[in-house]
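The values are calculated or read from the model by the stated rules, or taken from the named source; none is laboratory data. Computed from a prediction, not measured in an experiment: that's the story for all the values here. Neighbour counts are summed over all protein chains in view; Cβ atoms, including those assigned to glycine, are modelled from backbone coordinates with ideal geometry. SASA here: full protein model, heavy atoms, side chains in, ligands and nucleic acids out. Shrake-Rupley method; radii C 1.70, N 1.55, O 1.52, S 1.80 Å.
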Amino acid sequence: QVQLVESGGGLVQPGGSLRLSCAASGSIVSIYAMGWYRQAPGKRRDFLATILTSDGSTNYADSVKGRFTISRDNAKNTVYLQMNSLKPEDTAVYYCNLQQRYRANGYWGQGTQVTVSS
């Protein structure tokens, strides 16, 4: 149906930066929003940021405001997450999410590991 492919994860030192990408493909009807979530071992999956395809409006979790920036390329059905000033507590598997218009169920990517460590 709809596939999400993430890239850009890896190992980075505290204070460093990474940019995650997520490209959607398949039977896309109409994208309402795309976003990013993360899940650390033993923890729940937490919301990070979303962006609407209609007007580009964004929403961020308090924990990443001022450090992370979500952006999109609607023509490529791609969403990005620029992560700056990374902290060890940012270490997690980062997941891309896609929500379609008039659809109750969203889609998830496979996740990409981000490790922030010295």
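What is the antiparallel percent of DSSP beta bridges lying wholly in the chain, to the nearest 5? Show your work: numbers first, answer last.
Working: 40 of 43 bridges.
Here the antiparallel bridges make up roughly 95 percent for the chain.
Quick check: at a probe of 1.4 Å, how many percent of the accessible area of the chain sits on carbon and sulfur atoms?
The value for the chain is 46 percent carbon and sulfur by accessible area.
Packing-wise, with mean Cβ within 10 Å as the measure, how do 106-114, 12-20 rank, highest first? The partial results should precede the final answer.
Details: 106-114: 16.8, 12-20: 14.9.
Order by mean packing, descending: 106-114, 12-20.
Just the number please: accessible area per residue for the chain, 1.4 Å probe, all protein chains included, in Å².
Working: 6230 Å² over 118 residues.
Roughly 53 Å² per residue, with all protein chains present.
So for Ser118, Ser85, what's the accessible-area order with a 1.4 Å probe, most first? Walk me through the intermediate numbers first.
Numbers: Ser118 130, Ser85 65 Å².
Of Ser118, Ser85, the descending order of accessible area is Ser118, Ser85.
Based on alpha-carbon centroids, what's the gap between region 65-118 and region 4-61 in Å, whole number please?
2
Show me 58-67, 73-82 ranked by packing, highest mean number of other Cβ atoms within 10 Å first. It would help to have the intermediate numbers written out before the result.
Details: 58-67: 14.0, 73-82: 16.7.
In descending order of packing, they fall as 73-82, 58-67.
Output the relative contact order of the chain, whole-number percent, from Cα pairs under 8 angstrom with separation of 6+ residues. Intermediate results must be reported in sequence, preceding the final value.
Details: 291 pairs, mean separation 43.1, N = 118.
This gives 37 percent for the chain.
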